[in-house]
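Visitor: Pasting a structure here, questions to come.
Read-outs: derived from the displayed coordinates by stated rules, not from any lab. Because the structure is a prediction, the values reported are computed rather than measured. Note that we place each Cβ from the backbone using ideal geometry, even for glycine, and neighbour counts take in every protein chain shown.
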């Protein structure tokens, strides 16, 4: 038992003393937590949603009759006006000025839409009012329907969301027109009732979303760089050979090494947790069984992955190069810092094969800051499969001594 404790203490002391290991072990996770919280924290905590949209009225039939286009304009201007509780309006509305030609203004706004500066462009075409009036007065089925053109960008989530809201606004305007013309029977309307889930709870703050990812990132870099670095450098420097001339066996060495690795993970967790809680106001609590089990599973998975790198690398430098190649793709394609849904299929294939993705999502689900992206069973089975694969390869190929 003394030998196991000695190996664990040696591993912890070496990790803290080595500058390179200390950087990946502590400095880099703290740096990422501070930078991302300061840059994106206030942005992500904005609860008001506002879209920049453009409204262009090209209808000239308003001069002589109906005022239907004016109703559409009034509806959008109402949503772009001041709201209660000093909240931002739903729409920031852009319309042509009095001396500006509507056609020229429309072309400029469409260019802004292509560049992502507008969420949508709504165009009321010429003859819209007459078409609505004809449809209200006449009931024949072959009447030409009134139409409003909505231009959107398929590459922008904000544009898609704004377009859905615009559709609801236009549906309400259509309903009001039919009611005014006594063409709408409220009895025929399909009633709907909205049910809000977790309405009594506050929205998830970015720091509460970020902190679990940063903690797992610290575990990940500790396993990816710390484990193969310690084994391969000790092997190349013939330090492990000195252990093997003693009664110390490989299983006891692994037990001590694993205990030291878990101690380093605990130290990482408490430093980052205290910084997130008292430095940036995180409110999540890890004192629940599912979260603690996920943290232990993550530490074991990343440690096993480190043994896998140590097994396939012939030298310490090769092991560090392999870790650097795997580090960024596995880290950023896991959802540690930002959600990964909606990525191209090829990138999503990497996300599904990445064990970090399941651990990050599983930890956030257990903390109640994210909905489940994967099946609950996969959040456990995929990391366990990677542990089994890594241990099997390491047991077969890992060399504990330099070649003679």
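Visitor: Using the per-residue mean of other Cβ atoms lying within 10 Å as a proxy for protection, in what order, highest first, do the peptides 387-398, 68-79 fall?
Guide: The packing order, highest mean first, is 68-79, 387-398.
Visitor: I need the peptides 158-166, 300-308 ranked by packing, meaning the mean over residues of other C-beta atoms within 10 angstrom, with the highest value on top.
Guide: Per-residue mean Cβ counts within 10 Å order the peptides as 300-308, 158-166.
Visitor: Give me the one-decimal nm value for the distance between modelled label points at residue 321 and residue 393, 7 Å along each residue's Cα-to-Cβ direction.
Guide: 1.7 nm
Visitor: Right, here's the next one. Under the 0.36 nm per residue contour assumption, what length would be gained going from the current alpha-carbon distance of residue 278 and residue 40 to full extension?
Guide: Computed gain between residue 278 and residue 40 is 83.9 nm.
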